Amino acid sequence: VCILPDDMYSNDLYRFRLMLDGKDLTTHSVNSPEEYLSPKAIERRIKHHVPIDEVDFPVSQAYLSAIRARGMKVITQSKWMNSVVIECSDSLAGIGLCDLPFVKSAQFVWKQPAQSLENIVIKNPSWQEIVYPLRSSGESENYYGHASLQIKMLHGERLHQAGYRGEGMTIAVLDAGFRNSSAHAVLSGARIAGSHDFVSPGNDVFADNLSEHGARVFSIMSANLPETMVGTAPDATFWLLRSEDTANEFPIEEDYWAAAIEFADSVGADIINSSLGYYVYDSPAESYRTDQLDGQTAFITQTANIGAAKGLLICNSSGNEGNGKWRYICFPSDAANVLTVGGVDKNGQIAAFSSVGPTSDNRIKPDIMALGSSVAVMDNSGNPVAGNGTSYAVPIISGLMACLWQAFPELSNVELIELLRQHASKSDSPDNNYGYGIPNLFDAYSKALTYTQQLPVAEKGSVRINYTDNLLFISNLNTCNDSKKLISIVSSQGQLLTKATVAERLEIDLQHYSNGFYIISITDENSWYSCKFVK
């Protein structure tokens, strides 16, 4: 199968997405994940009981070699989707790749006249919101400064007061460019682990010719200027990833997004903040229909489904099409386990531009709402200004979810989403304008705290582990076999706190342990077992 636009002609450059057939020629094994996954990615899979399978295997090098042997340039690839995007100057050459035995289909995803490559005109995509000066108000006269309303609307300040500000959590921000983000980081002390440009690999995501939309999104989470602007996760660590091409709108941006989210997984990100959504393209034949909002069809949605299955918490803006012809959420926000965020005004009423649901298979979307009108963001000089759009609502949620996950690292991404839905203003009567409503992060925290305190920590076979009244008991060790057990306790930061060799039972006083998440490992000459507990 090969899908082509109607207006192709011979002096263009073309890019095609090749869907490949399996990974039969791979040299990789699930038993050696360190060959293709980073230690952080492996750690997250173990922590959340996510299996390592062939979906994690890189695209077959044998396939890539065969494609390059045809004179094709590989632009980007997705191991999760088992796809490759190639570029050629002859559309017939791209079509010809369909005769390779491992190519299932080829779809046109991008076209650019060769003579105009150096003269790209930046367009204003629908997601790029207008910013304007903030009006002075009493809200600026407090610790959170101009960001007070957007945090307090969700009771996020109480989560911060409990000591959870995102420390130890990593958020990957997928956007169109981060002009001035480095200045913001210096100004507010934000932690940037790194950056990458998937549209133009090797380019600087902070470059002057790129959008600063990502910088404003980033500032909503990372700002740390008391009484001026404090963000939702000021102590988190960030990766800044460019996957949106503002020069044009073609399906290849879904491939860039896929490459970015896979990269985020590989470097150990916990949360994806995506202010991007797609439905209409410059080539009408490739645009989506509303009946395809089924959580399964779009390439980007399928990628998001895999990312969620791998344990990533994906937070995506619903879109700004609420008062337009399309009206509905955009892709990949139709994915079931993507946390889709719509926008409200200061009174909690849905913003006119906020995209609505349902999905085409009649699921509730968006999931939740946050402030989307007059959101405090930092401008290119590092000063607070106001912005409108659901892409400013989603980082409010992403940052506070980082704080909640910091408090309860044993919870899965799906459990966190459900926890948020259960503690939102419309949890008893969700609809397709507000979803489950405006969440109360502190109520969600309090419920999770009660739940985790009531549960025994673990029971594996006849080995019992329990925690009560600052005492940790590990017992029945001698029933597994007669050998002694080496028991270690490691903090969430990787610090070894206890190491002991015992035969039957171990009791540890945790009075001087700080509140948080710990990993217990029990090993002997024949076996290894680990579990988590929260003090």
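The values are calculated or read from the model by the stated rules, or taken from the named source; none is laboratory data. Everything numeric here is computed off the predicted structure, so don't read it as measured data. FYI the Cβ positions are ideal-geometry reconstructions off the backbone, even for glycines, and counts take in every protein chain you see. Only protein heavy atoms, including side chains, enter the accessible area calculation; ligands, DNA and RNA are left aside. Shrake-Rupley method; radii C 1.70, N 1.55, O 1.52, S 1.80 Å.
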When the accessible area of region 238-322 is split by element with a 1.4 Å probe, what percent falls to carbon and sulfur?
-> 48
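Among rounded, prolate and oblate, which fits region 289-338 when a ≥ b ≥ c are the square roots of the eigenvalues of its C-alpha gyration tensor, a/c under 1.5 means rounded, and a/b larger than b/c means prolate? Intermediate results must be reported in sequence, preceding the final value.
Details: a/c = 3.43, a/b = 1.74, b/c = 1.97.
In terms of gyration-tensor shape, oblate.
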Between the modelled labels at residue 209 and residue 46 (7 Å from Cα along Cα→Cβ) the distance in nm is 4.5
Label points 7 Å out from Cα along the Cβ direction at residue 535 and residue 381: separation in nm?
-> 4.9
Classify region 199-259 as rounded, prolate or oblate from the Cα gyration tensor: take a ≥ b ≥ c as the square roots of its eigenvalues, call it rounded if a/c is under 1.5, otherwise prolate when a/b beats b/c and oblate if not.
-> prolate
Kindly identify region 149-250 as rounded, prolate or oblate by the Cα gyration tensor criterion: order the square roots of the eigenvalues as a ≥ b ≥ c, call it rounded if a/c is under 1.5, otherwise compare a/b with b/c, prolate if a/b is larger, else oblate.
-> prolate
From the cross-link list 40/79; 346/426; 47/426; 499/535, the entries with a Cα-Cα span beyond 26 Å are 47/426
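With every protein chain left in place, what is the accessible area per residue of region 309-376 in square angstrom, probe 1.4 Å? Please list the in-between numbers first.
Working: 1940 Å² over 68 residues.
Accessible surface, normalised per residue, equals 29 Å².
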Could you pull out every one of the aspartates and glutamates with an alpha carbon less than 13 Å from that of residue 73, ignoring same-chain neighbours closer than 8 positions?
-> 87, 90
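For region 360-405, count all C-alpha to C-alpha pairs, find those more than 18 Å apart, and express that count as a whole percent of the total.
Percentage above 18 Å: 44.
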Relative contact order as a percentage, region 56-107, C-alpha pairs under 8 Å and 6+ apart, gives 26
